[in-house]
Amino acid sequence: MKVARTLTKRAQYVLVYRKGSTYIDNLIVMKVLPNGLNLSRYGFSVTKKVGKAVQRNRLKRLLREIMRLQLTKSGWDIVFIVRREALTADYHQLERTIAKLLAQAQLLQESNERISPGVN
C-alpha cells in the first residue's frame, strides 16, 4: 500500500498556516512546519481567485508531478499557496520556483542522502 504523502485534513493545513515558516516567490508561497514523522507531506492551496476549476486543477496536477519528482528531506509538512501569476507559467517555471523555495528552506536532500533504489 502506498504511504500517504499529502495533507488531507483542514486541521493539518491550519496548523502549517499558523505555525509554519514562510518562503515567498512571485508564483508560489510555501509554508513549512516540522511534523515529527518519517516522511514529508505536502498540500496545495489554489483559491478561486486564481482561476476557474479547470485552471486550478491543472495547476494542482502540475505541482503534484513536480513534488513527486523532488527529493525532499523527511519530517516536514509543506503547503504551497498558488498565486494568480502561476496561471501563465509553464511546467519548467513552476519546477524552478518549487526547487528554489525548497532550497531556501533547506528541504532538498543532498545527493549523498538519497535512498537506494531498492529501499522504500
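Since every read-out is calculated from the coordinates, none of them should be taken as a lab result. Computed from a predicted model, the values in this text were never measured in an experiment. Positions of Cβ are generated from backbone atoms using ideal geometry, with glycine treated the same way; all protein chains shown enter the neighbour counts.
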Handout entry: Listed peptides 78-91, 14-27 by packing density, highest first (mean Cβ within 10 Å)
Key = 78-91, 14-27
Exercise for the section: Would you mind checking which residues have amide H under 5 Å from G43's amide H? H placed 1.01 Å from N; only 5 or more apart, or other chain. Expected result: L7, I78, V79, F80
Handout entry: Rounded to whole Hz, the Karplus (6.51, -1.76, 1.60) HN-Hα couplings of the stretch 24-29, x for glycine and proline
Key = 10, 9, 6, 9, 9, 10
Handout entry: Neighbour-count ranking [beta-carbon atoms within 10 angstrom, fewest first] of L39, L59
Key = L39, L59
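Within 10 Å of each residue's Cβ, count the other Cβ atoms and sort M30, M67 from fewest upward. It would help to have the intermediate numbers written out before the result.
Numbers: M30 24, M67 20.
Ordered from fewest to most neighbouring Cβ atoms within 10 Å, M30, M67 come out as M67, M30.
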Handout entry: Phi to ³J(HN,Hα) by Karplus 6.51 cos²θ - 1.76 cosθ + 1.60 over the stretch 31-38, Hz, x for Gly, Pro
Key = 10, 10, 8, x, 10, x, 9, 8
Practice task
Hey, can you grab everything whose amide H is under 5 Å from the amide H of T72? Only 5+ residues off in sequence or another chain; H modelled, so Pro and N-termini drop out.
Solution key: Q109
Exercise for the section: Please report, in debye to the nearest 20, how large the charge dipole of the chain is about its Cα centre when each Lys and Arg carries +1 at its beta carbon and each Asp and Glu carries -1 there. Expected result: 680 debye
